[in-house]
1. Using helices alone, what [θ] at 222 nm do you get for the protein assembly as shown, with -39,500 (n - 2.57) per DSSP H run of 4 or more residues, divided over all residues and rounded to the nearest 500?
2. Work out the mean other chain Cβ neighbour count within 10 Å for the residues of A:35-45 and drop it here as an integer.
3. I need the GluC sites (Glu not before Pro) found in chain A, filtered to DSSP loop residues with at most 10 other beta carbons within 10 Å of theirs.
4. What does the charge dipole of region B:25-155 about its Cα centre add up to, to the nearest 20 debye, if the Cβ of each Lys and Arg holds +1 and the Cβ of each Asp and Glu holds -1?
5. Restricting the count to DSSP beta bridges whose residues both fall in the protein assembly as shown, what percent are antiparallel, rounded to a multiple of 5?
6. Quick one: which of A:Lys66/B:Lys113; B:Lys39/B:Lys113; B:Lys102/B:Lys183; B:Lys98/B:Lys173; A:Lys70/B:Lys102; A:Lys66/B:Lys102 span more than 32 angstrom between C-alpha atoms?
7. Whose amide H sits under 5 Å from the amide H of A:Tyr61, counting only residues 5 or more places off or on another chain, with H placed in the peptide plane?
8. Per-residue HN-Hα couplings for region B:39-45, Karplus 6.51 cos²θ - 1.76 cosθ + 1.60 at θ = phi - 60°, whole Hz, x for Gly and Pro?
Amino acid sequence: MACINPDGTLTRPGRSILEAMRQPAPLNQVSTGSGVPLYRVRSVIRELLVAELAYADGELYQVTEKGIEKLDS
Amino acid sequence: MMCCENTTAPTPALPRLGSPAPSFEAVTTLGTLRLEDFKGSWLILFSHPADFTPVCTTEFIAFAEIHEDLRQRNVELLGLSIDSVYSHIAWVRNIEEKMGVKVNFPVIADLNKEVATAYGMVMPGESKTETSRCVFVIDPNGIIRAMVYYPLTTGRNMQEIIRLIDALQTSDKHSVATPANWKPGDKIIVPPPNTQDMAEDRVKEGLECNDWYFCRKEL
C-alpha cells in the first residue's frame, strides 16, 4: 500500500496526508496542507479509508482514532 | 461445416478526440492510480517503448525538466510502458544517480498492456511488445483533447508539448483558435462567422482581417 509500509508504519505521503486531516478537511485543503499533489491525495486517501485510518464525512476527511495512534506511535 | 471462421481478435476501439478518455486503474511508481484521480487537472498521459533505453532516457529527463512548468499550468504528467514497477523504480533512480535529474511524476507499470491497449499505444507495425511514443492530452473533465504519436526512433519535443497545452487552454478560456506556430502573446484567430450578418458585422468590428473569414486579434 502507498500509505503503509510492510512493517505497518506510515509511508511519508501517508503520514503527511494523515497529519493534514487531524481536523476535518476537503481534498484540496489536504493537498495544500500536506504538500502532496491532489491526484496522489485521492489515491492515498482511498487506501487510508480501507485501512480505517481515516473516514469521510461528505466531502470532508478526518483521521480516525486508529489513525491518530499510528501518527503518534 | 464452417469454412471461414474469423480467428482475428477484435480490435479495440481507439480513443477519439473530444471523447471521454478510457478509464483505468493502474499500478504506478507512486502507488495505484485511477484516471479519475486527475479530475480537475489537465493530464498528459505519455508512453515510452522501454526503460533503460537511450532515447527514452533523454525524454524522461526532458519531461522531468518541464514538469514544474506544466504544474504551473495545472497539468500533471503520467508515464507508461510495458515494464514492471521494479524496472521503473530502478530506472528513475538510475536517472537521478547518473544524470542528476529527479523524476517526480508517476509511471504506469502496464505489464498486462491493459492501459496501452485501451489507448492504442502499441503499433504492431513497429513493435508488438513495446508502446510507441504516444502523448494524450486529457482535460480536467476527462476528455481527450489532443493525441500525438511518434515512432520508436524519434524523441518528442517538449516545447511543442507546452505550446500545445498553452494553445488548448487559450482556446478554452477565450473561445478562439490559434494559428500555425502560435505561441503565447501572438495574435489569435477569430472563429469564422457562420452567417452573412455575422460576416458583415465582423468587417465593421475593426479586427485585423485579410478577408471576411480570416480575422485575427490580440488577446
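Derivation of every value follows stated rules applied to the coordinates shown; laboratory data play no part. Computed from a predicted structure; not experimentally measured. With ideal geometry, Cβ positions are generated from the backbone for all residues, glycine too; neighbour counts draw on all protein chains shown.
1. Numbers: 9 runs with 102 residues, N = 292.
When only DSSP H runs of four or more count, the value is -10500 deg cm²/dmol.
2. Values: counts 0, 1, 9, 6, 14, 7, 1, 7, 9, 4, 1.
Partner Cβ neighbours, averaged per residue: 5.
3. Details: sites: A:Glu19, A:Glu47, A:Glu52, A:Glu59, A:Glu65, A:Glu69; in loops: A:Glu52, A:Glu59.
Of the GluC sites (Glu not before Pro), the ones in loops of chain A whose Cβ has at most 10 other Cβ atoms within 10 Å are A:Glu59.
4. Values: 11 positive and 17 negative charges, 22 e Å.
With Lys and Arg at +1 and Asp and Glu at -1, about 100 debye.
5. Working: 29 of 39 bridges.
For the protein assembly as shown, the DSSP antiparallel bridge percentage is about 75.
6. Values: A:Lys66/B:Lys113 38 Å; B:Lys39/B:Lys113 23 Å; B:Lys102/B:Lys183 28 Å; B:Lys98/B:Lys173 41 Å; A:Lys70/B:Lys102 30 Å; A:Lys66/B:Lys102 34 Å.
From the list (A:Lys66/B:Lys113; B:Lys39/B:Lys113; B:Lys102/B:Lys183; B:Lys98/B:Lys173; A:Lys70/B:Lys102; A:Lys66/B:Lys102), the Cα-Cα distance tops 32 Å for A:Lys66/B:Lys113; B:Lys98/B:Lys173; A:Lys66/B:Lys102.
7. The answer is A:Ala25.
8. Couplings: 4, x, 10, 6, 10, 9, 9 Hz.
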